[in-house]
Amino acid sequence: MLEENNNILNLIKVSDVDQFQRECIEISEKKAVEGGLLEETKTEAAKNIKDMFKAALGDSYTVKVDWADAKK
């Protein structure tokens, strides 16, 4: 919880926290992409989806996963 007061001991504002959180998210996303985490996650997700369909429907179907970029 953040308590926003007008005193000299508590100079933090909600907008400061919001900006800090946005910067942390941006840095984390960049590091995840650069470190290969995004590609690893896509590979694992596709494998899990294919395995799920294979378990439910057998080997008579082929599952193809196409990834789309998220819109910002």
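Just checking, how many residues over the range 48-61 are loosely packed, with under 12 Cβ neighbours inside 10 Å and out of contact with any Phe, Trp or Tyr (no Cβ under 9 Å at 6 or more places or on another chain)?
9
Just checking, how many residues over the range 9-47 are small (Gly, Ala, Ser), assigned to a helix (DSSP H, G or I) and surrounded by 10 or more Cβ atoms within 10 Å (Cβ to Cβ)?
Count: 4.
Values in this text are rule-based calculations from the coordinates and carry no lab data. Computed from a predicted model, the values in this text were never measured in an experiment. Every residue, glycine as well, gets a Cβ built from its backbone with ideal geometry; the counts of neighbours run over all protein chains shown.
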